[in-house]
Amino acid sequence: MACGTLATTKLVVDYLKIKSEIKIKHHPRLLSLFFSKEPIKSAMTFTPSLLQIVKNSNNDCFSGDLRPGNKLITNSIIEAFPYLWPFKIFINLLRFRTIYSNILLDTKDSNIFLKKIRDGFKIYSKKTQTKNLLKNKNKEIYKFLLSKNIIYPFYYSIFPGVGADYHYFGSIPFNGKGKLSVDNNCQLKNSKNIYIVDGSVFNFKTNKYPLGIVIANARRIGEYLSKNIK
């Protein structure tokens, strides 16, 4: 199974008739816009991050992924906020002076829960401080950039909401407790013919970009099954 964490978890919870609440791990995020004092020019449609600011301690883990403005980002902004269409030319002129950032929190701040209710599923959040946590981390990054004389002394941020970070994982972990668990070969506990190879099996506590590891593991399990399952 490689349906994506939410879909896979729903299918397995339904199959195993689990009634308890399931926590979906993720990295809550905040979108930010800083204004650079110097133009940052790139001919690439999609520009990888220029700088990652990471704070990783026992009780405080977060990262800021900074990248220069490009047409992919500006077009996405206009698509999300259609009323900005008349300003498209102006926005694209400014893109060489903009730095966009994803501020990502650690999985201990995950705030998505799933529960089977009658014939459907409820997905919900419970914590209320996620937005404030993100804004506090964003201020730390802002103060750092300001201290290096990289940006002007103002910024704009958007909290897209709980669950708008796209990195969902960790609901059916390796060698976990209970029914929702897989062994080292990604076989679902006590289920001979069910293997899970998406993000469900991982806990990406500090790895903010898990796609490569998910793909590598899926290939590993594919090779294992081709050799061992007749």
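The values are calculated or read from the model by the stated rules, or taken from the named source; none is laboratory data. What you see is a predicted model, and the numbers here were worked out from it, not measured in a lab. Because the Cβ atoms are built from the backbone with ideal geometry, glycine has one as well, and the counts that use them run over all protein chains shown. Please note that ligands, DNA and RNA were not included when accessible areas were found on the heavy atoms of the full protein model with its side chains. Shrake-Rupley method; radii C 1.70, N 1.55, O 1.52, S 1.80 Å.
Can you give me the accessible area per residue for the chain, using a 1.4 Å probe, in Å²? It would help to have the intermediate numbers written out before the result.
Numbers: 13340 Å² over 230 residues.
Spelled out: the 1.4 Å probe surface of the chain, per residue, equals 58 Å².
Placing +1 on the Cβ of every Lys and Arg and -1 on the Cβ of every Asp and Glu, with no other charges, gives the range 163-230 a dipole of roughly 240 debye about its Cα centre. At a 1.4 Å probe, what is the % contribution of carbon and sulfur to the accessible area of the range 63-122? Roughly 63 percent, rounded to a whole number.
Only Lys, Arg, Asp and Glu count, each charged at its Cβ (+1, +1, -1, -1), so figure out the dipole size of the chain about its Cα centre, rounded to 20 debye.
Values: 37 positive and 14 negative charges, 84 e Å.
Result for the chain is approximately 400 debye, rounded to the nearest 20.
Ranking request for peptides 65-74, 89-98: highest mean number of other beta-carbon atoms within 10 Å first, then the rest in descending order.
Values: 65-74: 19.0, 89-98: 14.8.
Descending packing order for the listed peptides: 65-74, 89-98.
Tell me, what is the FRET efficiency for ASN193 and LYS19 to the nearest 0.05, using R0 = 30 angstrom and their Cβ-Cβ distance as r? Show your work: numbers first, answer last.
Numbers: r = 24 Å, r/R0 = 0.80.
Efficiency, rounded to the nearest 0.05: 0.80.
Computed from the Cβ-Cβ distance with R0 of 45 Å, the FRET efficiency linking GLU140 to ALA43 stands at 0.90. Springs between Cα atoms under 10 Å define the GNM used for the chain, and in it the highest mean-square fluctuation of ILE215, ILE24, ILE172 occurs at ILE215. One decimal place: the segment LYS227-ALA2 gains 79.0 nm when fully extended, by the rule 0.36 nm per residue minus the C-alpha distance. Using just its DSSP H runs of length 4 or more, each adding -39500 (n - 2.57), the chain gives a mean residue ellipticity at 222 nm of -9000 deg cm²/dmol after division by all residues.
Springs join every pair of Cα atoms under 10 Å in this Gaussian network model of the chain, and among LEU51, LEU146, LEU84 the largest mean-square fluctuation is at LEU84. Modelled spin-label separation between ARG220 and LYS115, with each label point placed 7 Å from Cα along the Cα-to-Cβ direction: 3.5 nm. Segment LEU50..LYS205, full-extension length gain: 53.6 nm, with 0.36 nm per residue of separation and the alpha-carbon distance subtracted. Across the range 172-182, rounded Karplus estimates of 3J(HN,Hα) from the backbone phi angles (6.51 cos²θ - 1.76 cosθ + 1.60, θ = phi - 60°) give 9, x, 4, 6, x, 8, x, 6, 7, 7, 10 Hz, Gly and Pro being marked x.
If the chain between LYS148 and LEU93 were fully stretched, how many nm would it gain, using 0.36 nm times the residue separation less the Cα-Cα distance? Walk me through the numbers on the way to the answer.
On the way: separation 55, 0.36 × 55 = 19.80 nm, distance 2.45 nm.
Here the segment from LYS148 to LEU93 would lengthen by 17.4 nm.
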